[in-house]
Amino acid sequence: MREPISRDARLALDLALTLRHDGNGGVTDDLTDPAGLTEWVRAHPALLPGTATDRADDHREGSATGTAPRGAEGAGGGFTADAAQLAAVRELRAAVRALFARAVRPGEPSPADAARLMPTEEAVRQLNEAAARAPTVPVLDWPEGATPLVHRKAVRTADDPASALAQAVIAFLASPERDRLRACHAPRCVRYFLKEHPRQEWCKPSCGNRARVARHHQRHKATA
């Protein structure tokens, strides 16, 4: 049985995965310019604050499916990033990846940035400061015939993806889901992932296939 993935965990992972393998032995960055951040935020419409109803729907759908709903019109749909927002999200991503590296200990971090990780204390400070820029309050949602749910609503409307992401990352790192976080060490892979079942070793089946082939070649090389 596969474990579900919460909305907060999905946002945190997706931010980290904007650094990914380029298919040619290197690493590519999806957030090199404001246009890249604009595209990424618009692909995650649950990220930025919408109406209270929208946020409640996001929470219910994310809890049920483990993914943020896509294609909805909301704050994310009209978002256009500027250079300052890009810098803030990139700085936050560096903090997140440093904290992910801490979370997977004693396992090794992703090789994408293992040699240049931000110090943990600085990463925590940056995460908290980003989250504080757009304060939220708890809001109760209790539809007839359903279980009461609490979601977070922004105190004021603000198109601040770094702050919204920081709040999602904090929720994820403080949750039991953190214990399922792993770095994939298949050849050429630089992804972090959440284990969806106890026997999972790799982020994707294709990574498992590459790892097994690499082990096979290594064994034959050692005995040659």
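Kirkwood radius, region 147-191, all distinct C-alpha pairs, inverse of mean reciprocal distance: 13.6 Å.
Compute the length gained on full extension between ASP22 and ALA174: take 0.36 nm times their separation in residues and subtract their Cα-Cα distance, giving the result in nm to one decimal. Before the final figure, lay out each step's value.
Details: separation 152, 0.36 × 152 = 54.72 nm, distance 3.12 nm.
Result: 51.6 nm gained on full extension.
Exposure check, 1.4 Å probe, all protein chains in place: VAL139 carries approximately 40 Å² of accessible surface.
How big is the convex hull of the Cα atoms of region 168-207, per residue, in Å³? Each step should come with its number before you reach the end.
Values: hull volume 2.9 nm³, N = 40.
It comes to 72 Å³ per residue, whole-number rounded.
Each of the peptides 143-150, 112-119, 170-177, 91-98 was scored by the mean count of other Cβ atoms within 10 Å over its residues; in descending order, highest first, they stand as 91-98, 170-177, 112-119, 143-150. Histogrammed with a bin width of 10 Å, the alpha carbon distances of region 111-189 distribute as 15, 32, 32, 15, 6, 0 percent, first bin at zero.
The values are calculated or read from the model by the stated rules, or taken from the named source; none is laboratory data. This structure is a prediction, so every number in the text was calculated from the model and none was measured. Using ideal geometry, Cβ is built from the backbone for each residue, glycine included, and neighbour counts are taken over all protein chains shown. Note: areas computed on protein heavy atoms with side chains; ligands, DNA, RNA excluded. Shrake-Rupley method; radii C 1.70, N 1.55, O 1.52, S 1.80 Å.
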